[in-house]
Structures are given as structure tokens and as C-alpha cells.
1. Among B:111, B:97, B:130, which is open to solvent by less than 10 Å² (accessible area, probe 1.4 Å), in a helix (DSSP H, G or I) and among the charged types (D, E, K, R)?
2. Being among the hydroxyl-bearing types (Ser, Thr, Tyr), assigned to a loop (DSSP other than H, G, I, E, B) and more than 14 Å from chain A (Cβ to nearest Cβ): is that true of residue B:294 here?
3. Report yes if residue A:93 is open to solvent by 70 Å² or more (accessible area, probe 1.4 Å) and in contact with a Lys or Arg (Cβ under 8 Å, 6 or more places away or on another chain), otherwise no.
4. What are the residues in the range B:229-257 that are farther than 17 Å from residue B:291 by Cα, away from chain A (no Cβ under 12 Å) and open to solvent by less than 20 Å² (accessible area, probe 1.4 Å), if any?
5. Could you tell me whether the range B:58-78 includes any residue that is of a type in the set (Lys, Arg) and more than 24 Å from residue B:354 (Cβ to Cβ)?
6. All but one of (1) assigned to a helix (DSSP H, G or I); (2) open to solvent by 10 Å² or more (accessible area, probe 1.4 Å) hold for residue B:316, so report the exception by its number.
7. Given (1) open to solvent by 10 Å² or more (accessible area, probe 1.4 Å); (2) in contact with a helix residue (DSSP H, G or I) (Cβ under 7 Å, 6 or more places away or on another chain), identify the lone condition not met by residue B:300.
8. Could you count how many residues in the range B:50-82 are open to solvent by 40 Å² or more (accessible area, probe 1.4 Å), within 8 Å of chain A (Cβ to nearest Cβ) and in a loop (DSSP other than H, G, I, E, B)?
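The values are calculated or read from the model by the stated rules, or taken from the named source; none is laboratory data. Values in this document were obtained by computation on a predicted structure and should not be read as measured data. Quick reminder, even Gly has a Cβ in these numbers, built from the backbone with ideal geometry, and neighbours come from all protein chains shown. Heavy atoms of the whole protein, side chains included, go into the accessibility calculation; ligands, DNA and RNA do not. Shrake-Rupley method; radii C 1.70, N 1.55, O 1.52, S 1.80 Å.
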Amino acid sequence: MRELYSQLKQLFPLGELTEQRQDLAFVTVPQEHLRSLLLHLRDREGFTHLVLLTAVDWLEDNIFQLTYLLTNREQQRTLGLRVMLPRDAATMQSIHDIWPTAATYQRELREMFGIAFPDSPRVDEEFILEGWIDIPPYRRDFDTLKYAEENYSQRPGRVTHDPAEHMKQKLYPGGT
Amino acid sequence: MTDHAPLFTPDRSQYPAHKADGTLDIDLASGKYLKLWQGPNHPGITGNMSVELTVCGDEVVEGKVHVGYLHRGFEKLMERRTYIQCFPIVCRICVPEPDFNEYCYAAAVEELAGIKSPERSDWIRTLILEMGRINSYMMYLGGQAGSLGLGVIAQWTTYVRDLMLDRFEELTGARIYHMFILPGGVRDGLPEGFEKRMEETLREMESTMQDVYEVMFCNAVFKKRTVGVGYIDPALLDSYGVTGPNARAAGVAKDVRKDHPYLVYPELDFEPVIGHDSDIYTRADVRRRDVLVSIDLVRQILAKMPRSGPLMASVPNVLHWKIPRGETYVRGECSRGEYGYYLVADGSGYPRRVNVRGPSYTHAMTLLERLIVNISISDVASLMVSLHTYPPEIER
């Protein structure tokens, strides 16, 4: 993987390589170089399989990390490309023309993280959620507990016990 | 069944004209087209998913897949739970074959935490994954036959699946959600006499598979409805993220067990099952033969596995378990293709991000929407089953 990295480094301005395993490494790529790097990896280096595309919310740093995971089956190695986007202007180029299956991932990221992928097919159609008007729910600042408390109510008659107190009462009803 | 050319190749050039923005020009008011909804309780799917079909006569001109009926937000829930609290959640992401979630999650956590699971637990993990694979295929075979009116096959396969669930129950204490493979190893060893009872189950299964072959795969109606239908062009495999039996039926030996060996697979003797015609029949046949491979693998595992040794590695106190910052991806070959977990740790006691890569995600969305064009309404269900989709892993 080091050898591939040094070759790519001559062509693209890449960040440091993180070698997680012998067959798995991650590298950070500037946003504007991602498409050309993906095409290079697919067409020249045999990374033909897009395993997944997902996002990580680093709220404290105000960035989204997009992870594009590619596999070269012949050489049994997987490369993860990290792209850092500012959270407040989260827009990324679509890659559905390189891998059609990416359109689904981008649709999900649009809905769950609010990351825009202009020109991606049906990207603004609802994917999993229906009639969602809150902030995108997979963002770190979306509080699931608060949302549940505001939108749902407890079933009438439901009682919550403190486990220690409850067991004490059951085992020693007289309080001894 | 290997020497015929595909009878059918999807071609939408004969169908509605395209508008300037690339979408189809379908005027429902013309009376020529009709919208037809199938789902969310769909005969072609184990779970809830619907397809919005636009039909012209009985031929589909456009299909859109709608998911979201089973969304439970597992990935989000896990960000608010400690690593050990996530362990009983992950298996629920895929009901018919939950063990891959347990394995991939456990292996990802172990890797980031620098823990090596004991050898004996790796053998038991492999055993469980192969047992789960057989069960998943049993459900598939019943569904595939049922989608074409052969209801009796589903009764037979459900019966033998139930026998395997008995083996799961005595090994793990549970029938569906086993919660047995946890970070660090497995919960227990094999019970007394397990091998003998497993051998009886495997023999029963082999006998049933012979019956299934004769009644389903040699059936003229089944052949007529499946040969040449639902063809996946091998050139599409990579661009559409096709893995597992769907890819192997197209002649490409994609199998994570061989491509990226994990657990004890390097010590087992097997070859990936390959087909060539890439239609519904071939995909079903690849899975039928894969069951026989898995039966053989279970026998090999039981014959070769060590009978003594630790089952759990030493792990920190799980209530205060913090995992150093890092990210990894762990994959395995489930019955439907590549299953994987992308795990990001930020140094705290909670995962920063868990992303589940289920094979149905690619197979049931973009691929199905492409394959469904130009087929008959009556073939929609069998096409959907032939991709072997489990919706829970699409929406996690």
C-alpha cells in the first residue's frame, strides 16, 4: 500500500497515509481532487468496486468527513478516501456517473446528514424518512432523546422503578 | 442449463421518450400507462419494501423502489451507547441472518481495541456463520419457489430450517437473535453430543435439498419462468456494487471468504460456486449448490476444530471500555454478498460512527430499478426474490 501511496502522491496532493491493516489504508484527499483520484484508481489501479460511501460528523471541529471505500479484488486491498467538508457549506460533487450505485448512498447522505450532491439522480426525493422537517437526524447535534420526549408520550399506566429500590422492596417487603 | 444465450437483455430504447432532463416522458392521462404499487408487504421480499411500477399493458416501463418501512435508526442509536451496549442491538439489523452483524461488529471493535480473539472462538464463529448461511438460503429457496406458485418447497425448507434453529438454540440459547459472538470471543463452547445431532440435521437437509432439486429445479414451469429472465450483465457488476451469489451466477468468483480470507476459512477446503447465465434460474442454482458447500464446511469445521482452549480473550471492564481513536472496515461473505462494518472510534466510550454495508443496499435499489424495466408484472416478484433482498439492512 505504501508503494501505491507514493505513486499517487506524485499525482495528487494527498494527506498522510493511515495503514490500518496490511490490506486496508485510509488517506485524506482535498475535495476538488476527489473525482480525478477516483477515476485514476478505478481505471488505472484496479479499484473497481465501490464498497460504501458514508459520512462521519466531527461536530467539535465543524466538519463532515466523507469516506469513499474502494476495493481492488485482484490485489486484495482496500483504500478509504477521506474528504473533509465544512459543516456549514456541505456540498460535494456527485460520483453517480462513475458508479451508478453511488446515487443511493448520496440520497441517504442528503437526507440523513444534509450534505448536498447537486445533479445526483433523485437526490432530493425522500429515501427513508417521510415528511421530516427537523434537522437531518444523523447529525451529531440532533438529540434523539429530546426528539422522542417531545414527539411521543409514555403509554398510560407505565411505571418506572429504580432497580435497586425495587429489588429491595421485593426481597424485603417489610423494610428489614 | 449452461449452454444457452440470455434470452433477454433490458433495453429501454423502445419505451417512452426521454424529456430534456433525462426523465421518462410518461403521460398517465393518455391511458397508455398505469401506476401500480406493489408492497410494502411484497411477495418478493422478506420484510417491507415497495416498488412503484409504471406499466404499459403488463410490461413494466419504469420501477422505483421505496424503503423506510423498517427504519429503526440503529446507526444513530449506537452513537449513544457504549461498545458493549451496541452488541445486543447489531443482530437486529438483519433478521434472517443476524450473525454477520455480530461477527463484523465484534471483529471491528477487536481490531480497533487491539484484541485478538482466541483460536477456538474463531472456529465456533465460522461454524455459526455457516449455519446462518444455510438458514438464510433455506428462507430464500422457499421464497423463490413460492413467488412462482411452488408453495410446497417453502414448507420443506422451513422444516429443515427449523431443525437448524434447534441446533442454534442448543448452541446459543436462542433461535433467531443469538447474541453469541461478542467482542473478544464467543459466549460458550459446543454442548455435549452437538456433533451427532448436527450430523442428523445435515443429513435431513441433504435429503431435502435433493427433493428441492427434483421438484423445483427440474420443474418445467419453474424453468420456463426463470431461464433467461432477470439477466445481470457481468459488465455491470462493479458499477452496481453486485457481490455474492448474484455476481457468482454471472461467472465472477466474488467471494469474500476467498478474496479477503477471515476467521478460519484459509484452513477449510472449498471452492466458490459459479454459474454462467446470470438469470434467475442460475442465481437460484448457485444458492442451492452453495447450501451443499456450507453443509460440507460445517462438517469440516466440526472435524477440525479444537475441543479445548479459551473462548474469550481478556477484555477491559466493558462498563468503562474506551477505544482509541481510529477507523476500520471489516467484511464477511454472507448469503447475499459482502457484508461489512465501517467503525469509527474517537477515543471515548461510545462509537463515533457505525456504518453497516448490507449487500441488499446496492442490489435492491439501483440494480433492481434497472433490471425491472421491460419485464412482465408477473415476473417482478421472482426477480426481486432472485436478488435475495433483506430490507432491514438497507435502512438500518
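1. The match here is B:130.
2. Answer is no for this residue.
3. It is true that residue A:93 is open to solvent by 70 Å² or more (accessible area, probe 1.4 Å) and in contact with a Lys or Arg (Cβ under 8 Å, 6 or more places away or on another chain).
4. Those that are farther than 17 Å from residue B:291 by Cα, away from chain A (no Cβ under 12 Å) and open to solvent by less than 20 Å² (accessible area, probe 1.4 Å): B:230, B:232, B:250.
5. Scanning the range B:58-78 turns up at least one residue that is of a type in the set (Lys, Arg) and more than 24 Å from residue B:354 (Cβ to Cβ).
6. If we test residue B:316 against (1) assigned to a helix (DSSP H, G or I); (2) open to solvent by 10 Å² or more (accessible area, probe 1.4 Å), just (1) comes out false.
7. The failed condition is (2).
8. 2
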